[in-house]
Amino acid sequence: MKEQEVTLKNEEGLHARAAAIFVRCANGFSSDINLKAHGDTVNGKSIIGIMSLGAYNGEKITIQAQGPDAEEAVAGLVKLVEENFEL
């Protein structure tokens, strides 16, 4: 399993738009993807799961991936978060 922690920098955190963009990107990978915040872990390919985390600007989240493209998945998703969910 590959994982990396990243800080949310966008003003709204993991709100609906950001969650939708994250899910769209995550679904481009075959690996299983999870997000961790506040001690909770959710499916990184589920918009409802991601929004339920309630992660806001300045908070740290951990992106985890397990599967054949796990390293690429984590790197791509971390980059997405660091670039404020701009595709």
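List of remarks:
- Think of the chain as having a plus end and a minus end, set by charges on the Cβ of Lys, Arg, Asp and Glu; of 37, 75, 1, 37 sits farthest toward the positive end of this dipole.
- Residue 43 versus residue 56: modelled label distance in nm, points set 7 Å from Cα along the beta carbon direction: 2.8
- Taking the Cα centre of the chain as reference, the dipole from Cβ charges on Lys and Arg (+1) and Asp and Glu (-1) amounts to some 180 debye.
- Between helix 70-82 and the chain: long-axis angle, C-alpha atoms, 0 to 90°, nearest 10: 20
- Between residue 78 and residue 7, the simple spin-label model (points 7 angstrom out along Cα→Cβ) gives 1.5 nm.
- D_trans [Stokes-Einstein, Kirkwood Rh over alpha-carbon pairs] for the chain, 4 °C, 1.567 mPa s, µm² s⁻¹: 106
Quick note: the coordinates plus some simple rules give every number you see, no bench work behind them. Remember, it's a predicted structure, so these values are computed and weren't measured experimentally. Note: ideal-geometry Cβ built from the backbone for every residue, glycine included; neighbour counts use all protein chains shown.
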